[in-house]
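Just so you know, all these numbers are worked out from the coordinates, no wet-lab data involved. As the structure is a prediction and not an experimental result, all values here were calculated from the model. Virtual Cβ from ideal backbone geometry, glycine too; neighbours counted across all protein chains shown.
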Amino acid sequence: MPLPVAPGSPVEDLARALIDIPSVSGDEQAIAAEVEEVLRRCDHLDVVRIGDSIVARTTLGRGERVIIAGHLDTVPIKDNVPSKMSDDGTEVIGRGSVDMKSGVAVQLALAVELTAPTRDVTWVFYDNEEVEASRSGLGRIVRERPELLEGDFAILGEPTSTVIEGGCNGTLRLEVTVHGKAAHSARAWKGENAIHGATPLLAALAAYEHEDIEVDGLTFREGINAVGIRGGIAGNVIPDACTVTINYRFSPAWSIDEAKARVETLVTGAFAAAPEPPNGRIVTWEYTDESASARPGLDAPLAMAFAEAVAATGAPAPRAKLGWTDVARFGELGIPAVNFGPGDPERAHASGDAERCPVSDIHRCYTALRDWLMEPVA
């Protein structure tokens, strides 16, 4: 069945139709094809497909260009496809209703409707956001066709409950390995238990207190946590290695190198304060993922104009984005960017009926973006 994008069609119906096309990361071919078909029917758009990402651009010669982007993929389905409405008809329920097919529905509906916006618009629909950064469809566009992402301001439709969220935290993942000496567990004193040796690091992580750091008037909350641990090869062997995976969510106050220095100080400090084992201690680490943070960008003229338009809808004042989003990629390109989309981010990735998006959020987001993209530009 074709996607319901005819003028006047309820945007929540389009959100449901998108949810009903399974698109777990790495399997976005079907939804990308549907979105591409809709966009190629629009005479006012120049359309390019790169893998399972689609870029559609107006070329009206306006004085400003806005990029509006959203990802097509979701985390794995958990008893929440196909979509449905809540009993009272006020919420769309299903995988991606929050993260972020309701936002994509708003984006696609407006891409079709706005044939003559007062600002040129680049609409970006991309794949592989919910997995490691190296697979990102947006990253692929940056590498292969960066000219398609030239613009003055970017809006990412991540769920924010229709509140502007400026910037984002960066993220580091590193694997810290404590090395020991293997031995038969019946003669444990002959070895050096690496799992026990990781105790100082785990204690330091447990004792870590989050930091709130203000950047450009918004407060970002940092966190360092153990998110995985592995070690041991058999039930009768003293383990000779134990690896703790750490995730550091850092504020835009720090570059990636500065963030690395901060987490490494915690790691080395944890072991420096602990007694040395009899045979010495060897600790190594390796970074497995790193993504830069992004400053809020709300001091850019277009960002301020957009913030005024959103405030006119009665939305609260802008706040910090506490997770990582692709606004960081736009920041690296020198493009101010914010997050703005329907749905409560705390409901993202939930199982069953728990992932649900208010229809009122969808309408509010749609109206704010439409009115701003059509308002006269001084």
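VAL112 fulfils the conditions (1) of a type outside the set (D, E, K, R); (2) closer than 19 Å to GLU12 by Cβ; (3) assigned to a loop (DSSP other than H, G, I, E, B) except for a single criterion, (3).
Considering the range 115-146 alone, what residues qualify as being surrounded by fewer than 14 Cβ atoms within 10 Å (Cβ to Cβ), touching a residue at least 12 places away in the same chain (Cβ under 8 Å) and more than 27 Å from PRO301 (Cα to Cα)?
Selection gives GLU132, GLU144.
Residue-level check: of (1) surrounded by fewer than 24 Cβ atoms within 10 Å (Cβ to Cβ); (2) part of a strand (DSSP E or B), ASN80 misses just (2).
Only a single item in (1) surrounded by fewer than 18 Cβ atoms within 10 Å (Cβ to Cβ); (2) touching a Lys or Arg at 6+ places or on another chain (Cβ under 6 Å) is not met by SER185, and it is number (2). Summed over the range 85-112, residues that are of a type outside the set (A, V, I, L, M, F, W, C) and either within 15 Å of the chain's Cα centre (by Cα) or crowded, with 17+ Cβ neighbours inside 10 Å (or both) total 10. Within the set LEU149, LEU60, LEU72, the sole residue that is in contact with a strand residue (DSSP E or B) (Cβ under 7 Å, 6 or more places away or on another chain), surrounded by fewer than 19 Cβ atoms within 10 Å (Cβ to Cβ) and touching a residue at least 24 places away in the same chain (Cβ under 8 Å) turns out to be LEU60.
Pairs meeting the criteria (first residue in the range 340-351 and surrounded by fewer than 24 Cβ atoms within 10 Å (Cβ to Cβ), second residue of a type in the set (D, E, K, R), beta carbons under 6 Å, at least 6 apart or on different chains) are ARG347/GLU355; ALA348/ASP99; SER351/LYS78.
Has the range 292-314 got any residue that is under 29 Å from VAL142 (Cα atoms), of a type in the set (S, T, N, Q), touching a Leu at 6+ places or on another chain (Cβ under 8 Å) and touching a residue at least 12 places away in the same chain (Cβ under 8 Å)? So far as the range 292-314 goes, no, none of its residues is under 29 Å from VAL142 (Cα atoms), of a type in the set (S, T, N, Q), touching a Leu at 6+ places or on another chain (Cβ under 8 Å) and touching a residue at least 12 places away in the same chain (Cβ under 8 Å). Taking VAL283, is it among the hydrophobic types (A, V, I, L, M, F, W, C), in contact with a helix residue (DSSP H, G or I) (Cβ under 7 Å, 6 or more places away or on another chain) and within 23 Å of GLY166 (Cα to Cα)? Answer is no for this residue.
This table checks each residue for (1) out of contact with any Cys (no Cβ under 6 Å at 6 or more places or on another chain); (2) part of a strand (DSSP E or B); (3) over 29 Å from ALA204 (Cβ atoms); (4) of a type in the set (Lys, Arg).
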{"site": "PRO278", "(1), (2), (3), (4)": "yes, no, no, no"}
{"site": "GLU286", "(1), (2), (3), (4)": "yes, yes, no, no"}
{"site": "LEU298", "(1), (2), (3), (4)": "yes, no, yes, no"}
{"site": "PHE306", "(1), (2), (3), (4)": "yes, no, yes, no"}
{"site": "ALA315", "(1), (2), (3), (4)": "yes, no, yes, no"}
{"site": "TRP324", "(1), (2), (3), (4)": "no, no, no, no"}
{"site": "GLY331", "(1), (2), (3), (4)": "yes, no, yes, no"}
{"site": "ALA350", "(1), (2), (3), (4)": "yes, no, yes, no"}
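Picking from ALA368, ALA305, which residue would you name as being more than 27 Å from ILE256 (Cα to Cα), of a type in the set (Gly, Ala, Ser) and surrounded by fewer than 21 Cβ atoms within 10 Å (Cβ to Cβ)?
Sole residue among the options that is more than 27 Å from ILE256 (Cα to Cα), of a type in the set (Gly, Ala, Ser) and surrounded by fewer than 21 Cβ atoms within 10 Å (Cβ to Cβ): ALA305.
Looking only at the range 162-194, residues that are β-branched (Val, Ile, Thr) and within 16 Å of ILE246 (Cβ to Cβ) come to 4 in all.
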